[in-house]
Amino acid sequence: MSEIRRWARPLRKALRLILPRWHLAYAAEPYTASFQNSIVDAKDRDLVFEAFLSRSRGKRCLQVSVKEAYGAKFGENWISVDKYDHRSFIDRYDDIEDLDFPDNSFDAAVCWSVLEHVPHPETAVSELTRVLRPGGEVFVQLPYLYPYHGPPSYPDYWRVGPDGLRLWMSEFDEIACGCYFFSDTKLAVSTFFCGRKRL
């Protein structure tokens, strides 16, 4: 028995070194291929968003959350809503899961880095759908590969890939959807969806 242990131990060590690497390579290949198929260059995502903003000029628009990077609303025609943010340019403190606007109130809506903090994102998307007019456009973005960023301000519930985002946004015809790297490290990835509410 001791003779078997003497040659089995080095063999086991060698297998531990070989098999995990082989397994990782086997699993990484299809993962990498599917991930690369959904990656959109950040410049392309920016062009989609700029075109969306351009089509929204002069229309009645809803901005759910004002990103600190922008530090302001997208324009005078935008009504800003945020449950937690009380900066001076926030117009209302509605909960995205229960927006206090009539049906068909807006021509466009942006919901940026919000849905990951919402307990029931499908309810929030349903509210965005309700307040948009038929033919109205929506732009939604949330982190995918990104560190937990919850309390003390608000919880952090969700990460969703393009397929999940398409499922949430099923009432919209897709203009563009995908993942994109928003930092040079390639460790920070967001998903986005731009679409038009069906007539």
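The values are calculated or read from the model by the stated rules, or taken from the named source; none is laboratory data. Keep in mind that this is a model prediction, so the values were computed, not measured. Positions of Cβ are backbone-derived with ideal geometry, glycine not excepted, and every protein chain shown enters the neighbour counts.
Descriptive notes on the structure:
- Here the condition is being of a type in the set (Val, Ile, Thr), in the same structural domain as Ala176 (by TED's automatic domain parsing) and without any contact (Cβ under 8 Å) to a residue 24 or more places away in the chain; of Val81, Val138, it holds for Val81 alone.
- Within region 118-142, restricting attention to residues that are within 23 Å of Ser190 (Cα to Cα) and of a type in the set (A, V, I, L, M, F, W, C), the residue that is nearest to the chain's Cα centre (by Cα) is Leu142.
- Qualifying positions in region 168-199 - more than 19 Å from Ala109 (Cβ to Cβ) and not in a loop (DSSP other than H, G, I, E, B): Gly178, Cys179, Tyr180, Phe181, Val189
- Candidate set: region 95-154, residues that are over 23 Å from Glu174 (Cα atoms) and surrounded by 20 or more Cβ atoms within 10 Å (Cβ to Cβ); chosen: the one modelled with the lowest pLDDT: His117
- Selection count where residues are within 30 Å of Gly58 (Cα to Cα) and part of a loop (DSSP other than H, G, I, E, B), scope region 112-167: 3
- Verdict on Arg55 being at negative phi, at pLDDT below 95 and not polar (S, T, N, Q): no
- Of the residues making up region 66-90, those that are more than 19 Å from the chain's Cα centre (by Cα) and charged (D, E, K, R) number 4.
- Asp82 meets each of the listed conditions (1) among the acidic types (Asp, Glu); (2) surrounded by 14 or more Cβ atoms within 10 Å (Cβ to Cβ); (3) at pLDDT below 60 apart from (3).
- Filter result for Ser80 (of a type in the set (S, T, N, Q), touching a Leu at 6+ places or on another chain (Cβ under 7 Å) and within 23 Å of Arg196 (Cβ to Cβ)): no
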